[in-house]
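Peer 1: Submitted below is the structure of interest, expressed as structure tokens.
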Amino acid sequence: MILIVVVGMIPMLLLEMVILKSYEKRAVDVRTAEIQNQCTILCNQLGDLSYQQGETSDIVRTEFVQLSNIYNGRVMLIDQEFRIVEDTYGMDEGKTIVSRDVIRCFRGSGEGTSHYDAQNRYIEVTSPVVGNASEKVEGVILVSVSTDSIEDSMMLLVNRARTIEAVAGVILLIAAFVIGAGTVRPFQRITGSIEAVTEGYEDNYLHENAYTETILLSESFNKMLGRLKVLDDSRQEFVSNVSHELKTPLTSMKVLADSLLSQEEVPVELYREFMGDMSEEIERENKIINDFLSLVKLDKTANTMNITTESINALVERVLKRLRPIAAQRNIELIFESFRPVSAEVDEMKLSLALTNLVENAIKYNKENGWVHVSLNADHKSLCIEVADSGIGIKQEDTEHIFERFYRVDKSHSREIGGTGLGLSIARSAVVMHRGAIKVYSQIGEGTTFTVRMPLIYVS
């Protein structure tokens, strides 16, 4: 509304100023030209009548009074000694006048002058009286005319312009209100839809096609809403899965403990078997909790990196050494191939966590008697770590989401294997903190390859 009013009123105000200035200049120019013509006629008559000898004082006075009455001004005749010979006001006759315009007129070789004083509102015109015999400037006629009539006309124009501007302003305000209300109405509907998100997700997406901007905004909002729905569904499923994962070990331990307590004189072998099972369940519970703690710790320390120069070869070997017993349980071969010694500026704990999750996933989702191949290479700027396996593979539509939190590829199969579905999210977060990138390539039944690329020198 403000924009429409401003854009509408400013041109009108500028037009008013231009018209008034043009009118004033034109009116002054016309008035000045009329006075100069009259002065020229008088000067020609005076040059013929030899007014300096006093022969034509009555005629001169009559002509001057007539000119003064016509233009409501003052007319003075000045001789060569700058004395006022005639004055229609009868105030300064016989006195000497020193005026820049009068002096210029005497010295101007017969050229008159004109001057407009806008502040005091008068026009002053000088015209030389040239003698016919001497052909010299023998006197000057000085005419001062008020411009009150021009000022009155301008005030009339200003009042009319103000009236037009007021009417136009009211029309602009009404038009601005109508246009403004119509313009923002689609955005109000968009705002209402966004506020409705806080009350829950609806099946009807936003379709506001009033303008190009609202179309783009609707598309972005619908995309965001779709992602929020997916995230909310994943989060609910995650809570359900985690609740099951946390509850299952506790239930198993309770059953085992109750079985021992309900029996008398239980054999030592049975005690050991049950205690071994309970230890496995505790370890399972501990791993789930550790995944949660790792994710929370990465979030809290996202801006805190403990950067040191590390041998990446030794770091990878330490990770594989810790995971070999797990791989041996399923007869999976861990292979490490290093093309050259690699040193880089990394956070040892975070990078170890990322590699541990990648290799552990490769073991968990592998086939019996399979293999996991880890390779390390580097160029002059970055290092590259590949973790390939002979596992079950990942569907193409799932590869776009596997790094998201709370996302699990095969829900039923993942539940059998265990875990929380946070491992790849943890790995990606750790790699991104190093200003690196992680990519995945996979085919169903043929295995999966994760590629991690990071700069050798950390840039904060």
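The values are calculated or read from the model by the stated rules, or taken from the named source; none is laboratory data. Only a predicted model underlies this, so the values are computations on that prediction, with no experimental measurement involved. Cβ: placed from backbone, ideal geometry, glycine included. Neighbour counts: every protein chain shown.
Peer 1: Among the candidates Ile150, Ile123, single out the residue that is under 30 Å from Val102 (Cα atoms), surrounded by 17 or more Cβ atoms within 10 Å (Cβ to Cβ), modelled with pLDDT under 90 and of a type in the set (A, V, I, L, M).
Peer 2: Ile150
Peer 1: I'd like the residue in region 186-212 that is of a type in the set (D, E, K, R) and surrounded by 12 or more Cβ atoms within 10 Å (Cβ to Cβ) and, out of all such residues, is modelled with the lowest pLDDT.
Peer 2: This residue is Glu202.
Peer 1: Can you name the residue in region 73-107 that is farther than 16 Å from Ser127 by Cβ and out of contact with any strand residue (DSSP E or B) (no Cβ under 6 Å at 6 or more places or on another chain) and is also surrounded by the most Cβ atoms within 10 Å (Cβ to Cβ) among such residues?
Peer 2: Met91
Peer 1: Need a quick list: strands (runs of 3 or more DSSP E) entirely within region 87-146 having at least 1 residues that are on the phi < 0 side of the Ramachandran plot and not assigned by TED's automatic domain parsing to the domain that holds Ser68.
Peer 2: No strands (runs of 3 or more DSSP E) qualify here.
Peer 1: List the helices (runs of 4 or more DSSP H) that sit entirely inside region 382-458 and contain at least 3 residues that are out of contact with any strand residue (DSSP E or B) (no Cβ under 8 Å at 6 or more places or on another chain) and either at pLDDT 90 or above or crowded, with 21+ Cβ neighbours inside 10 Å (or both).
Peer 2: 423-433
Peer 1: Now, a different point. Looking only at region 305-322, which residues are of a type outside the set (Val, Ile, Thr) and touching an Asp or Glu at 6+ places or on another chain (Cβ under 6 Å)?
Peer 2: Met305, Asn306, Glu310
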